[in-house]
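Undergrad: Encoded as structure tokens, here's the structure I'll be asking about.
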Amino acid sequence: MKRWLQVVASVVVLVCAATAHAMKASEVAPCRPNMPERMVSLPGLFTLHVVCDHVLFEIPLTMLDRDMLLNTEFAALSTGSDYVAPGSVVDSRVVRWVRRGNKVYLENVRYEMWAPNMANLQRGVEDASLRTVLRAFDAVAEGNDGTPIIDVTGLFATDVPDGFGREYKQHFHMTAVDPKRSYIQSVKAFPRNIEIRYYQTWIPDSKELLKSSEDDPIPSALGFIFHTSMLLLPDKPMVGRYEDERVGYFSTPFDDYGTDEHGKVRRAFINRYRLEKKDQKAAVSDPVTPIVFYLSPEVPDKWRPYLKRAVEDWQLVFEKAGFSNAIVARDAPSEKEDPDWDPEDVRYSVIRWTPSGRQNAMGPAVVDPRSGEVISSHAIFWHDVLRLTETWYFTQVGPLDPRARKLPLPDEVIGELLRYVACHEVGHALGLRHNFKAHSAYSVQQLRDPEWTKKWGTSSSIMSYARFNYVAQPGDGAYLIPKFGPYDYFAIEWGYRQFGDGMTPDSEWPMLDRLAARQIEDPLLRFGGEDAVAPLDPTVNTQVLASDPMEGAELGLKNIDRVMAMLIPATTQLGQDYTRLAEMYQALLTKRNNELTAVAKVVGGVEEMRYQGGRGTVPYAPAPPARQRQAVKFLVDKAFTKPTALLDPEVLLRIAPTGGADPLQGSNVRVLSQLLKPSVFNRMAEAKALAPDKPSYTGIDMLKDLNEGLFAELHDGRPTIDLYRRTLQRNYVMLLLVGSGAIEDPQSTSSNLDDAQGDRTTASTQRGASRDLAYLSSPLAETAQQYKSAKGRPSEFRAALRRGVRDLAARIDAAIAKVRDVDTAAHLKDLRVELDRAP
């Protein structure tokens, strides 16, 4: 064997560079001419041979044609980026090493088609799922037992497979790897996995560089350190569990041809960790192998206790599924304790922390596609997620927590908020998707109840985007931060509960169906969102609370007014600018917009309840007409009246020299645009047609109510309309004209909307106030585009708009003679001319 390796080493030395890059794991000295070669071998899954700057795999015959997970992550970056961070997955796939003659092929293995119950058809499935070759390698030598030895240096450093990092290359405008500035940094071998760390230099082509500008510069090169794990997958995969749309799990889809149905069945295995009881007979047992999350060394010390508690908070949830101590958190071992530990090693679930202005966190998982088994998860927290939670907490519940009256918030509060965010991200790592129906599970009365909220938080699932309890009022004493809700216990039980030995995905399905059917009687267990129905369903939302969006918004608007009174003292400090004040004001407007949009979604809404065959009734129900009418009235009374607190000049004139109310008017346009969509009018007409003998609420009815409410001043004996309402009315008329086709390009209407756009000065932009024309014009453009798709064809939308325009014109005609205020008269006459443009 030694003679063979000497031959290999000699061959490799001939092609090595004059100066090699040292291998951390192998401690190889540089190879130079006329010096004897040195080689270090590392035994493991494969034996790794390191010679100069080359790495060779000696692949045991028993490891050929075996499924292996090849997972690559970013380990370090030469550029600051809010798009990617250490721990972000670059590529993950199943591969096999296959030998044919004197070559070894790295093949990509697909598991998109199955026929597990029909052995002969399974052979056909394999023929239809032909593996593709990623790379071919010459066997430079053989071991004594015939094991092939290949040089894999190029796979990582010089000639990477097509498509490697394509998404990120596109983002950074890079096109290729420069082999002269790329190298393998370190290698490690273990019994079931191999770890390779390498540096790549990415470069753009000349066409990309020509696109570069001062505003959007493209660097001549970028450097990245990648970490690739190659893990031997079990010969016998974990038993998969079929996906059910009633319970929200990430999943791995496949086409099943091995059923009794006459055609393929689209199935998916949910993504979940492998948890098996030590004591199969016990109702609750420790697992054979718990889920372990390590806190990477870069996590700041003061946040570690909160992150650990967030991980282990899930222990109580897992008890419902029959597991005690199912999940634990640990500090990563020091280099002295374990020099081989790496945070990118695919065997470990790790919480990462990265310095970045990105205000986010994420919990992606690495999955075995044969079964949906989660191998590991590398949850990432961008540092400024702390700033995001602080902004949310202050603007949503600042008046309800004495600790939140001044910024920055105390570390104690930020730690609690981080714990909440981490619980949510760990939920993703466990396989759970967002549940955007969960926000509507609790009533206003429950959200104001101290006992209820201390037990169940603000939403029926921590996997929602419900956020903090802005529905609660001063003196309620309600709990303010989301907690695990009934759905979380239900979903973990559904996904992780064991039903006995020898169960298959098919045999356990009836029990899972009965468990999921509990949603029919218990609305707290329902799941929804992130699908085609979500935009139509008023019970599916983000950033809002309460089963009744009008009751929730009414209380939320009161707290927004209270926060306005706190803004200046909370955000300003002696000698500093008003950047934080502007950020918080914008966050308040965003919060207001979220609450009002949730109300607008009731109009033309269709609620989905995921009844299955034989379970419940029909799954779709149009919103009751009375509720839709109530929603429009609420918006007229609460959204479109002048919000005096939000127009406080003491705040606006600290943010911008002019146009301080523009973002507020932009929000009004977005809410109106939600109502004035062609699809909303069509659904309202369809609902009436489906129940012709029952009361209805149509687009014509809504336009009449909007005309009445938005121009309520016209009923006065001497109508006077202030600047705020005049701007609102202009924007409403412009939406009608865009929708009716009188104006096709909303960008060309900027002169008509100047009151809503304001003076976009550098100073105001720097201080964070929203001045982006797209904030106003994008809903106009969306409405125009939807109209264009049906241009020239009669529609419910066009017919209703024409009637609405005529109704409004008549109202203005009747009022103009009563007007004595000069500004009001000029305004109404101008609108009247504009309305005549409608076809």
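Undergrad: Could you figure out which of (1) part of a helix (DSSP H, G or I); (2) open to solvent by less than 50 Å² (accessible area, probe 1.4 Å); (3) of a type outside the set (A, V, I, L, M); (4) within 23 Å of E595 (Cα to Cα) isn't true of G529?
TA: Looking at each condition in turn, G529 falls short on (1).
Undergrad: State the number of residues belonging to segment 78-104 that are of a type outside the set (K, R) and open to solvent by 50 Å² or more (accessible area, probe 1.4 Å). Before the answer, list the steps.
TA: First, the residues of segment 78-104 that are of a type outside the set (K, R): 78-92, 94-95, 97-98, 101-102, 104.
Retained after the next criterion (residues that are open to solvent by 50 Å² or more (accessible area, probe 1.4 Å)): 78, 80, 82-83, 92, 101-102.
Matching residues across segment 78-104 total 7.
Undergrad: Hey, which of the helices (runs of 4 or more DSSP H) in segment 415-506, taking only ones fully inside, have at least 1 residues that are of a type in the set (F, W, Y) and open to solvent by less than 30 Å² (accessible area, probe 1.4 Å)? Let's see the steps before the verdict.
TA: Values: elements: 444-447, 450-456, 486-496.
In segment 415-506, the matching helices (runs of 4 or more DSSP H) lie at 486-496.
Undergrad: Just name the residue that is farthest from the chain's Cα centre (by Cα) out of those in segment 705-729 that are buried (at least 20 other Cβ atoms within 10 Å of the Cβ) and under 23 Å from G666 (Cα atoms).
TA: Per the criteria, the residue is I721.
Yes/no per residue for (1) of a type in the set (G, A, S); (2) over 30 Å from P678 (Cβ atoms); (3) not in a helix (DSSP H, G or I):
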| position | (1), (2), (3) |
| --- | --- |
| G613 | yes, yes, yes |
| V618 | no, no, yes |
| R627 | no, no, no |
| A631 | yes, no, no |
| T641 | no, no, yes |
| L646 | no, yes, no |
| V651 | no, yes, no |
| R654 | no, yes, no |
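Undergrad: So, one more: Looking at segment 357-370, which of its residues are open to solvent by less than 20 Å² (accessible area, probe 1.4 Å) and within 24 Å of the chain's Cα centre (by Cα)? Spell out how you get there, then give the answer.
TA: At the first step, the residues of segment 357-370 found to be open to solvent by less than 20 Å² (accessible area, probe 1.4 Å) are 361, 363, 366, 368, 370.
Hits for segment 357-370 are A361, G363, V366, D368.
Undergrad: Which of the residues that make up segment 127-173 are assigned to a loop (DSSP other than H, G, I, E, B) and open to solvent by 50 Å² or more (accessible area, probe 1.4 Å)?
TA: From segment 127-173, those assigned to a loop (DSSP other than H, G, I, E, B) are 129-131, 143-147, 152, 157-165, 173; that's our starting set.
Result: L130, R131, N144, D145, T158, D159, D162, H173.
Undergrad: May I ask you to verify whether S229 is within 31 Å of the chain's Cα centre (by Cα), open to solvent by less than 40 Å² (accessible area, probe 1.4 Å) and over 30 Å from A516 (Cα atoms)? Before you say what the answer is, go through the steps one by one.
TA: Working: within 31 Å of the chain's Cα centre (by Cα): yes; open to solvent by less than 40 Å² (accessible area, probe 1.4 Å): yes; over 30 Å from A516 (Cα atoms): yes.
Yes; evaluated as a whole, the condition is true for this residue.
Undergrad: Ok, one more. Return the residues of segment 247-267 that are open to solvent by less than 60 Å² (accessible area, probe 1.4 Å) and under 18 Å from R497 (Cα atoms); say none if nothing qualifies.
TA: Taking segment 247-267 and keeping what is open to solvent by less than 60 Å² (accessible area, probe 1.4 Å), we get 247-249, 251-252, 254-256, 258-259, 263, 265, 267.
Matches in segment 247-267: V247, G248, Y249, S251.
Undergrad: In segment 620-674, what count of residues is obtained for those that are open to solvent by 20 Å² or more (accessible area, probe 1.4 Å), under 29 Å from the mean Cα position of the chain (by Cα) and among the small types (G, A, S)?
TA: Of the residues in that region, 1 qualify.
Undergrad: Would you pick out the residues in segment 372-412 that are surrounded by fewer than 21 Cβ atoms within 10 Å (Cβ to Cβ), out of contact with any helix residue (DSSP H, G or I) (no Cβ under 8 Å at 6 or more places or on another chain) and among the charged types (D, E, K, R)?
TA: If the condition is that a residue be surrounded by fewer than 21 Cβ atoms within 10 Å (Cβ to Cβ), out of contact with any helix residue (DSSP H, G or I) (no Cβ under 8 Å at 6 or more places or on another chain) and among the charged types (D, E, K, R), then D384, R387 are the ones that fit.
Undergrad: Another question, then. Given (1) farther than 21 Å from S461 by Cβ; (2) modelled with pLDDT of 95 or more, identify the lone condition not met by F293.
TA: It is condition (1) that F293 fails.
Undergrad: In segment 791-806, what count of residues is obtained for those that are touching a Leu at 6+ places or on another chain (Cβ under 8 Å) and exposed (fewer than 15 other Cβ atoms within 10 Å of the Cβ)? I'd like the intermediate steps shown before the answer.
TA: Just the residues of segment 791-806 that are touching a Leu at 6+ places or on another chain (Cβ under 8 Å), to begin with: 800-801, 803-805.
Next, only the ones that are exposed (fewer than 15 other Cβ atoms within 10 Å of the Cβ) stay: 803.
Here the count works out to 1.
Undergrad: Here's a check for you: in segment 232-246, which residue that is crowded, with 19+ Cβ neighbours inside 10 Å and acidic (D, E) is farthest from P369 (Cα to Cα)?
TA: Taking the candidates together, the pick is D244.
Undergrad: Any idea which of D537, D488, D522 is among the acidic types (D, E), within 23 Å of the chain's Cα centre (by Cα) and over 30 Å from V288 (Cα atoms)? Give the steps one after another, and end with the answer.
TA: Details: D488 fails: over 30 Å from V288 (Cα atoms); D522 fails: within 23 Å of the chain's Cα centre (by Cα).
The match here is D537.
Undergrad: Right, another one. If the Cβ limit is 9 Å and pairs must be 6+ apart or interchain, which residue in segment 813-833 that is closer than 15 Å to D722 by Cβ pairs with which residue that is of a type in the set (D, E) and crowded, with 18+ Cβ neighbours inside 10 Å?
TA: Within 9 Å, the pairs are T824/E713.
Undergrad: Being of a type in the set (K, R) and either at positive phi or within 23 Å of the chain's Cα centre (by Cα) (or both) is the filter here, so list the residues in segment 232-256 that pass it.
TA: Just the residues of segment 232-256 that are of a type in the set (K, R), to begin with: 236, 241, 246.
Correct list: R246 only.
Undergrad: Condition test on R272, is it closer than 17 Å to I351 by Cα and modelled with pLDDT of 95 or more?
TA: No; evaluated as a whole, the condition is false for this residue.
Undergrad: Output the residue which, of all residues in segment 142-173 that are touching an Asp or Glu at 6+ places or on another chain (Cβ under 9 Å) and on the phi > 0 side of the Ramachandran plot, is modelled with the lowest pLDDT.
TA: It comes out as G163.
Undergrad: The conditions are (1) at pLDDT below 50; (2) within 23 Å of D145 (Cβ to Cβ), and C16 fails exactly one of them. Which is it?
TA: Failing condition for C16: (2).
Undergrad: Among what's in segment 174-219 and is under 22 Å from A157 (Cβ atoms), open to solvent by 20 Å² or more (accessible area, probe 1.4 Å) and part of a loop (DSSP other than H, G, I, E, B), pick the residue that is modelled with the lowest pLDDT.
TA: D205
Undergrad: Give all pairs with beta carbons closer than 6 Å in which a residue from segment 673-697 that is in contact (Cβ under 8 Å) with a residue 60 or more places away in the chain meets a residue that is of a type in the set (A, V, I, L, M, F, W, C) and part of a helix (DSSP H, G or I); count only pairs at least 6 apart in sequence or on separate chains.
TA: From residues that are in contact (Cβ under 8 Å) with a residue 60 or more places away in the chain, the pairs are Q674/A600; L675/A600; L676/L735; P678/F797; F681/F797; F681/A800.
Undergrad: Output the residues belonging to segment 703-743 that are farther than 19 Å from K638 by Cβ, of a type outside the set (A, V, I, L, M, F, W, C) and assigned to a loop (DSSP other than H, G, I, E, B).
TA: Within segment 703-743, D716, G717, R718, P719, T720, G741 qualify.
Undergrad: For segment 551-573, check the following and say yes or no: at least one residue is within 17 Å of R387 (Cα to Cα), modelled with pLDDT under 95 and either open to solvent by 10 Å² or more (accessible area, probe 1.4 Å) or not in a helix (DSSP H, G or I) (or both).
TA: From segment 551-573, those within 17 Å of R387 (Cα to Cα) are 567, 570-572; that's our starting set.
Okay, now just the ones that are also modelled with pLDDT under 95, so 572.
Pick out the ones that are also either open to solvent by 10 Å² or more (accessible area, probe 1.4 Å) or not in a helix (DSSP H, G or I) (or both) and you get 572.
Checking segment 551-573: at least one residue is within 17 Å of R387 (Cα to Cα), modelled with pLDDT under 95 and either open to solvent by 10 Å² or more (accessible area, probe 1.4 Å) or not in a helix (DSSP H, G or I) (or both).
Undergrad: Further question: When the residues of segment 268-303 are narrowed to those that are among the hydroxyl-bearing types (S, T, Y) and in a loop (DSSP other than H, G, I, E, B), which ends up surrounded by the fewest Cβ atoms within 10 Å (Cβ to Cβ)? Walk me through how you get there before you give the answer.
TA: First, the residues of segment 268-303 that are among the hydroxyl-bearing types (S, T, Y): 273, 285, 289, 294, 296.
Subsequent filtering for residues that are in a loop (DSSP other than H, G, I, E, B) retains 273, 289, 296.
Values: Y273: 23, T289: 11, S296: 23.
That would be T289.
Undergrad: Under the condition of being within 21 Å of the chain's Cα centre (by Cα) and either hydrophobic (A, V, I, L, M, F, W, C) or open to solvent by less than 30 Å² (accessible area, probe 1.4 Å) (or both), which residue from segment 331-356 is nearest to N271 (Cα to Cα)? If you could, list the steps in order and put the result at the bottom.
TA: Restricting attention to segment 331-356, the residues satisfying the condition of being within 21 Å of the chain's Cα centre (by Cα) are 349-356.
Adding the requirement that they be either hydrophobic (A, V, I, L, M, F, W, C) or open to solvent by less than 30 Å² (accessible area, probe 1.4 Å) (or both) leaves 349-354, 356.
Details: S349: 15, V350: 17, I351: 19, R352: 21, W353: 24, T354: 26, S356: 29 Å.
Step by step, filter segment 331-356, then rank; the result is S349.
The values are calculated or read from the model by the stated rules, or taken from the named source; none is laboratory data. Only a predicted model underlies this, so the values are computations on that prediction, with no experimental measurement involved. Glycine also receives a Cβ, built like all others from the backbone with ideal geometry; neighbour counts cover every protein chain displayed. Ligands, DNA and RNA are excluded from the accessible area calculation, which covers all protein heavy atoms including side chains. Shrake-Rupley method; radii C 1.70, N 1.55, O 1.52, S 1.80 Å.
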